[in-house]
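Participant: I have a structure here, written as structure tokens, and I will follow up with some questions on it.
The values are calculated or read from the model by the stated rules, or taken from the named source; none is laboratory data. Note that the structure is predicted; figures quoted are calculated from it, not measured. Cβ coordinates were reconstructed from backbone atoms using ideal geometry, including for glycine residues, and neighbour counts include every protein chain displayed. Just the protein is used for accessible areas: all its heavy atoms, side chains included, with ligands, DNA and RNA removed. Shrake-Rupley method; radii C 1.70, N 1.55, O 1.52, S 1.80 Å.
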Amino acid sequence: EIRFACVGVGGKGQSDSEDAANNGKIVAICDIDDQVIDKRKQSEDFEDAKVYHDFRKMFDEVGKSIDAVTVSTPDHAHAVVAAMAMKHG
């Protein structure tokens, strides 16, 4: 089973993270908006996921236990998040 972390779970991130959940297990979600996180946590696909507001902390804590990452952030942050995800393997 593929273990996913999802960075940005509102807006486009909602469909990206739902697609990931259809193809594996969501183990961590990260978003700066508490309302977005609260809404995602209501879904059974996300209820067991660890919650983060800072993707750097998320990667430090769970980076070695995830297989794939969805990056659904504003365009200027894609490269930073993706590079950190790759650095953690």
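Participant: Could you grab the Rg to Rh ratio for the chain? Cα atoms only, Kirkwood for Rh.
Facilitator: 0.91
Participant: Find how much the distance from Ser43 to Lys57 grows on full extension, using 0.36 nm per residue of separation minus their present alpha carbon separation; answer in nm with one decimal.
Facilitator: So the extension gain works out to 2.7 nm.
Participant: Quick check for me: using +1 on Lys/Arg Cβ and -1 on Asp/Glu Cβ, what's the dipole size of the chain about its Cα centre, in debye to the nearest 20?
Facilitator: So the magnitude is around 320 debye.
Participant: Could you count how many Lys pairs in the chain have their Cα atoms under 22 Å apart, skipping same-chain pairs fewer than 8 positions apart?
Facilitator: Close lysine pairs found across the chain: 18.
Participant: Roll a 1.4 angstrom probe over the protein heavy atoms and tell me the percent of accessible area of the chain that is carbon or sulfur.
Facilitator: 48
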